[in-house]
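K.L.:
One structure coming up, written as structure tokens, with questions to follow.
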Amino acid sequence: MKCVQIRVRGQVQGVGFRPFVWTLANELNLAGHVLNDPQGVLVYAAGEQAAVLAERIKTEAPPLSQVTAVEVSPASVETLPFPFEITASQGQGSQTRITPDAATCSDCLSELRDPDDRRFGYAFANCTNCGPRFTIIKSMPYDRAKTTMARFELCDVCAAEYANPADRRFHAQPVACTICGPDIWLEGGSDDDPIEAAIEMLRAGKILAVKGLGGFHLVCDASNSKTLMTLRQRKRRPSKPFALMGTLSMIRSQSNVSKPEAKLLTDPAAPIVLLESKTHSLPNEIAPGQNTLGWMVPYTPLHHLLMDGFGGPLVMTSGNLSGEPQVIANEEARQKLSPFVDGFLMHNRDIARRLDDSVERAHPPMVLRRARGRVPTTLLLPPGFEGVPQVVAYGGQMKGAICLVKDGSALLGHHLGDLNDALTLQAFEQADRDYTELFEHQPTVAACDLHPEFAATRHAFAKGLQVEQVQHHHAHLAACLGENLWPMNGGRVAGIVLDGLGLGPDGTVWGGEVLLCDYASFERRAWLKPAPLPGGDGAQKEPWRNALVRLDDAGLEDWADELFANQPRDLLRQAVRAGINAPLSSSAGRLFDAVAACIGICPDTQSYEGEAAMQLEALAAAAPPEEAAYGYPITFDGTLLDPSPMWPLILYDLEKDLPREVIALRFHAALATAFARAAQMLVDQGGAEAVALSGGCFQNALLQDLMVQVLGDVPLLIHRKTPANDGGLALGQALVAAAKQVETS
Ligand code: ZN
Ligand code: ZN
Ligand code: FE
């Protein structure tokens with residue numbers, strides 16, 4: 001009898017893979033068994049149709065699995081069990097793979113809506129193909145006793161489902177039903193039917209705190225301007241966009257949804273997807289000054305019940321105090337969120353780990369915030385990184401995230417937020433412990449930023465490991481190379497970094513550079529002519545400061561005086577002249593702020609990071625595309641990219657009453673063209689094999705599109721799966737540190 005061994009690699013544990021193989025094998029009348037081991041899933045099968053089994057494993061794998069390889073080889077095994085069996089896991093580490101949280105599957109949704117089903121209307125229905133994972137795991141290995149479901153003892157019916165390989169809930173750790181599982185209740189309203197009462201409150205324009213998967217949301221009717229204003233006032237959040245939740249058909253009625261966008265919205269990760277919002281009929285208060293709205297579909301049974309009952313889009317913004325991380329515990333929610341809300345839709349399944357909603361976009365494909373649904377998925381590393389030492393990297397300051405490298409793959413952890421906040425810093429430290437255990441990680445090197453005052457840098461030095469400090473923008477580019485699987489020995493690339501602020505080795509603040517680099521090294525070959533950052537980090541909150549220094553430099557002091565008449569200009573100029581708290585910076589982010597301030601976009605202050613730049617992008621996207629041909633001049637002398645010739649033309653266009661949209665687009669085109677040409681020069685001269693784009697400014701889809709157009713057929717590396725912003729920094733740091741280890745060994 002023919003006997004084969006089938007090795008399946010990838011994300012294949014905890015996703016129903018063994019019962020899937022078991023079902024197929026029985027159908028094909030095979031002898032043999034299937035088990036989990038440290039490398040994935042291992043199958044031994046004997047019978048006429050053993051080859052068919054391997055084929056069908058490839059093509060019919062369960063929805064949450066990600067198969068990277070199916071390797072079939074002949075095997076000589078004495079006896080195999082018949083009928084086919086599922087056997088116990090083998091070897092250390094066989095249970096360490098954890099899948100991300102996944103949106104409610106269609107089978108569970110049907111049960112939820114079926115009055116005859118025992119989970120009808122049950123807010124915690126889930127199965128092997130969906131439900132909570134990473135957000136409920138307290139420690140390893142992953143089984144129910146180590147999750148926040150431990151306190152709910154399975155009823156007989158659930159226990160039978162759990163034990164039956166033919167059931168969709170076989171070994172689904174969070175399995176639950178109305179009899180044995182978690183409950184919901186409403187605080188601050190009638191509690192007869194919590195969902196019905198919550199919906200009534202939402203209809204009446206009330207604001208609710210709703211406990212979700214990775215944290216609390218503040219929820220209200222998205223079509224009610226008055227409620228939106230109340231929410232903004234209570235949260236002291238004047239203009240930062242709110243995320244929306246709606247069914248796919250609700251979203252389609254507000255926005256044109258392309259096929260890739262629909263696919264992304266309905267992915268098991270259910271991220272917030274940024275969609276063009278030209279046609280929507282929702283109040284402007286949702287996202288003032290923006291050309292996109294952030295939409296997600298309901299991704300838990302609780303969300304589905306709310307949506308089904310409410311029947312329209314809901315605002316779903318994270319429940320937190322300004323600057324703090326999202327609230328996850330019930331008592332914490334009562335204490336902190338009471339001033340914002342009229343009631344709490346609570347439940348008693350604890351959240352083990354705070355995970356924000358991921359934020360993504362489909363055109364062009366881009367991850368802006370990597371969190372729920374995406375972590376803890378690992379990324380395969382490029383050729384050359386197979387045998388590198390284990391590295392942990394601690395990222396930047398504003399968008400904290402940790403990265404662990406081991407066995408040729410990288411785990412880029414979830415978005416943690418601004419480490420200047422004490423609670424976020426705690427969460428960062430907890431994440432470090434967490435991921436270390438999860439990944440059974442034993443790093444020998446800790447990587448971090450050059451900036452000595454970043455909390456992440458201090459944390460790295462406190463580890464007692466060898467520390468590798470990586471320049472901020474080198475790390476950005478290395479992350480881009482890494483996710484594009486650029487080989488360790490692939491040669492150098494011309495890396496365009498357009499970013500906020502990053503400390504350079506010369507002590508100035510970088511942020512608009514062309515670096516000729518590989519993983520282990522870089523040279524700064526071209527950069528934006530530096531301007532002072534008056535007030536240091538404070539300069540990023542007040543766009544007018546950046547405009548004033550640029551206009552003064554261009555000899556347009558009078559215009560600056562006129563534009564910013566109410567600001568303390570003399571003080572600022574004195575400080576700049578005396579060099580007091582005014583470090584030089586080549587930041588492209590601050591150039592965006594300067595242009596925005598000149599055309600009247602939040603000149604005085606930004607209420608959230610990137611507000612001015614996002615509004616500038618929104619304006620530019622509304623201009624006739626052909627205006628991109630009239631980009632303003634930015635001169636290039638082989639080293640410096642000087643934007644000063646641009647300002648008189650912006651003034652001229654303003655005086656001609658040219659629409660601000662056109663000015664915004666001409667600026668985008670100027671920046672894209674100037675940097676693309678500088679990078680292309682390095683390719684043409686033979687020093688670089690390709691051009692790579694990274695840094696926070698590449699969250700700007702228009703800027704990236706323009707850059708891609710200008711570069712034409714130059715080989716191009718861009719971010720798709722990891723953030724171009726500081727959320728991807730740790731990945732780059734880890735790769736640079738690993739490459740340096742290889743170089744010195
Ligand atoms: Zn399900
Ligand atoms: Zn039950
Ligand atoms: Fe950055």
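Every number here is computed from the coordinates shown, using simple stated rules; none is lab data. Model, not experiment: these values are computed from the prediction. Here Cβ is always computed from backbone atoms with ideal geometry, including for glycine, and neighbour counts include all displayed protein chains.
K.L.:
Under the definition of Cα pairs under 8 Å and six or more residues apart, what whole-number percent is the relative contact order of the chain?
P.N.:
On the way: 1721 pairs, mean separation 85.3, N = 745.
Rounded, it is 11 percent for the chain.
K.L.:
Could I ask something else about it? If I take R0 = 60 Å and measure r between the Cβ atoms of ASP558 and ASP684 in this structure, what FRET efficiency does the formula 1/(1 + (r/R0)^6) give, to the nearest 0.05? Spell out each step's value before the answer.
P.N.:
Details: r = 41 Å, r/R0 = 0.69.
Taking R0 as 60 Å, the efficiency between ASP558 and ASP684 is 0.90.
K.L.:
Right, next: Given N residues in the range 536-598, what is its alpha carbon radius of gyration divided by 2.2 N^0.38 Å?
P.N.:
Details: Rg = 10.7 Å, N = 63, 2.2 N^0.38 = 10.6 Å.
Normalised by 2.2 N^0.38 Å, the Cα Rg of the range 536-598 equals 1.00.
K.L.:
Would you mind checking which residues have amide H under 5 Å from MET366's amide H? H placed 1.01 Å from N; only 5 or more apart, or other chain.
P.N.:
Answer set, sorted by chain and number: ARG361.
K.L.:
Multiply the residue separation of LEU248 and SER139 by 0.36 nm, subtract the distance between their alpha-carbon atoms, and state the gained length in nm to one decimal. Please report the intermediate quantities before stating the final value.
P.N.:
Values: separation 109, 0.36 × 109 = 39.24 nm, distance 3.54 nm.
Extending this stretch completely gives an extra 35.7 nm.
K.L.:
Aspartates and glutamates within cross-link reach of LYS146: Cα-Cα under 17 Å, excluding same-chain residues under 8 positions apart?
P.N.:
Partners within reach: ASP101, ASP350, ASP434, GLU437, GLU440.
K.L.:
As an exercise, use a Förster radius of 30 Å and the Cβ-Cβ distance of GLU200 and GLU331 to find the FRET efficiency, rounded to the nearest 0.05.
P.N.:
With a Förster radius of 30 Å, E is 0.70.
K.L.:
Say R0 is 35 Å: what FRET efficiency, to the nearest 0.05, do ALA422 and ARG151 get from their beta-carbon distance? Let's see the in-between values first.
P.N.:
Numbers: r = 30 Å, r/R0 = 0.86.
With R0 = 35 Å, the Cβ-Cβ based efficiency is 0.70.
K.L.:
Among LYS235/LYS406; LYS58/LYS406; LYS226/LYS336; LYS399/LYS463; LYS58/LYS259, which pairs are too far apart, with a Cα-Cα distance over 30 Å?
P.N.:
From the list (LYS235/LYS406; LYS58/LYS406; LYS226/LYS336; LYS399/LYS463; LYS58/LYS259), the Cα-Cα distance tops 30 Å for LYS235/LYS406.
K.L.:
May I ask for log10 I(q)/I(0) of the range 255-328 at q = 0.14, 0.17, 0.24, 0.27 Å⁻¹, from a Debye sum over the Cα atoms as equal point scatterers with solvent left out?
P.N.:
Cα-only, vacuum Debye calculation for the range 255-328: -0.55, -0.82, -1.32, -1.34.
K.L.:
I've got another one for you. Given C-alpha coordinates of the range 461-615, what is the ratio Rg to Rh with the Kirkwood estimate of Rh? If you can, show how the numbers build up before the last one.
P.N.:
Working: Rg = 17.7 Å, Rh = 16.8 Å.
So for the range 461-615, dividing Rg by the Kirkwood Rh gives 1.05.
K.L.:
Which length gain, in nm to one decimal place, applies between ILE86 and LEU485 when the Cα-Cα distance is subtracted from 0.36 nm times their residue separation? Walk me through the numbers on the way to the answer.
P.N.:
Working: separation 399, 0.36 × 399 = 143.64 nm, distance 3.59 nm.
Answer, rounded to one decimal: 140.0 nm.
K.L.:
Sticking with this one: Each label point is 7 Å from the Cα along the Cα-to-Cβ direction; what then is the distance between the points at VAL742 and GLU71, in nm?
P.N.:
2.0
K.L.:
Using 0.36 nm per residue of separation minus the Cα-Cα distance, give me the extension gain between SER223 and GLN709 in nm, one decimal. Please report the intermediate quantities before stating the final value.
P.N.:
Numbers: separation 486, 0.36 × 486 = 174.96 nm, distance 3.81 nm.
Working it through step by step, the gained length comes to 171.1 nm.
K.L.:
Tell me the relative contact order for the range 72-163 as a rounded percent, counting alpha carbon contacts under 8 Å between residues six or more apart.
P.N.:
Values: 66 pairs, mean separation 21.1, N = 92.
Across the range 72-163, relative contact order equals 23 percent.
K.L.:
Between the alpha-carbon centers of the range 177-244 and the range 270-334, tell me the distance in whole angstrom.
P.N.:
Going from one Cα centre to the other spans 10 Å.
K.L.:
Between the range 665-694 and the range 405-420, how many Å separate their Cα centres?
P.N.:
Centre-to-centre (Cα) distance: 29 Å.
K.L.:
Could I ask something else about it? Go ahead and collect, in residue order, the members of the range 672-687 whose backbone nitrogen is under 14 Å from a label point 7 Å along the Cα-Cβ direction of ASP506.
P.N.:
none
K.L.:
With the convex hull built on the Cα atoms of the chain, state its orientation-averaged projected area in nm².
P.N.:
On the way: hull surface 133.7 nm².
Across all orientations, the chain yields a mean hull projection of 33.4 nm².
K.L.:
Ranked from highest to lowest mean number of other Cβ atoms within 10 Å per residue, what is the order of the peptides 468-478, 346-356, 227-237, 717-727? Present the calculation step by step, with values, prior to reporting the outcome.
P.N.:
On the way: 468-478: 27.7, 346-356: 20.7, 227-237: 16.7, 717-727: 23.8.
Going from most to least packed, we get 468-478, 717-727, 346-356, 227-237.
K.L.:
Could I ask something else about it? Can you give me the long-range amide H partners of VAL467? Hydrogens built in the peptide plane at 1.01 Å from N, cutoff under 5 Å, separation of 5 or more residues or another chain.
P.N.:
Under 5 Å from the amide H of VAL467: ALA446.
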